[in-house]
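Let me begin by presenting the structure, written as structure tokens, before commenting on it.
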Amino acid sequence: MAFRFRPVDSSFYDLFAESAQHLLGGAALLAEMLSEDSNREEVASRMRAAEHECDETTHAIVRRVNSTFVTPFDREDIYSLASGLDDVMDEMDEAVDLILLYEVEHLPSELSKQVEVLQRCAELTADAMPRLQAMKDLDEYWIEINRLENTGDKSYRRILASLFSGKYEAIEVIKLKDIVEALEQAIDAFETVANIVEQIAVKES
């Protein structure tokens, strides 16, 4: 059996866990944005701040990779995971921004299903990131994220069918479709993160 050297430095794992916590906060803000009595400008402002903090964590990971001789796993995988986590936040930030900019007064109730999927994905990802160091008990994570992504796909198709049913004005359809697609892309981005984690786990096993 080949001996695999694993550095003791836990800073990478701490940073990945920190990044996942940002996603947890971002998903909560997204849910708040959908509430009819929310102050959308204030929520959007907090989301921009959260997205900036997530960017800072991503930059910290990249700087750490560039200044570390031996990394806990492949550099390319570290870059991919950091970028994947950041992409999730970017998509959620876009959805919040579109809701604000488009001034959509009433959002279809079906959107809450997509946001629930996003919140659950964020919870699972935040729970999984600290377990990267041990590389154990992660298979349930990517399996459940894949199941949730399938649920999100079904919800996305149903929302689109509703948008094109004729009960919405054309301009509303355009606005809502952009918002729904941003939510769908955020769910897809979570699945990408889970796939990267699976690839890393396979390589390290």
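The values are calculated or read from the model by the stated rules, or taken from the named source; none is laboratory data. Keep in mind that this is a model prediction, so the values were computed, not measured. Note that each Cβ is placed from the backbone with ideal geometry, even for glycine, and that neighbours are counted across all protein chains shown. To get the accessible areas, we keep the full protein, side chains included, count just its heavy atoms, and leave off ligands, DNA and RNA. Shrake-Rupley method; radii C 1.70, N 1.55, O 1.52, S 1.80 Å.
Note that the chain presents 51 Å² accessible area per residue, ligands and nucleic acids not counted, probe 1.4 Å. On a per residue basis, the convex hull of the C-alpha atoms belonging to the range 1-108 measures out at 111 Å³. Straight-line reach from K203: taking Cα to Cα under 17 Å and skipping same-chain neighbours fewer than 8 places apart, the lysines in range are K136. Under the combined filter of DSSP loop state and at most 11 neighbouring Cβ atoms within 10 Å, the range 22-122 retains these GluC sites (Glu not before Pro): E36, E103, E105. Reported value for the chain: 105 Å³ per residue, from the convex hull of its C-alpha atoms. Convex hull volume of the Cα atoms of the range 55-109, normalised per residue: 91 Å³. For the chain, the fraction of 1.4 Å probe accessible surface lying on carbon and sulfur atoms is 50 percent. Of the residues L148, L107, A128, the one whose Cα sits farthest toward the positive end of the charge dipole of the range 105-205, with +1 on the Cβ of Lys and Arg and -1 on the Cβ of Asp and Glu, is L107.
Membrane-span-like helices of the chain, defined as complete DSSP H segments with a Cα extent of 24 Å or more along the helix axis and a mean Kyte hydropathy of at least -0.5, are identified as 11-34, 75-101, 111-128, 170-204.
Placing unit charges on the Cβ atoms only, positive for Lys and Arg and negative for Asp and Glu, gives the chain a dipole magnitude near 640 debye about its Cα centre. Contact order, relative form, for the range 80-205: 48 percent (alpha carbon pairs under 8 Å, 6 or more residues apart, mean separation divided by residue count). Out of I171, I145, I159, any idea which swings most in a Gaussian network model of the chain, alpha carbons joined below 10 Å? Per the Cα network of the chain with a 10 Å cutoff, I171 tops the list.
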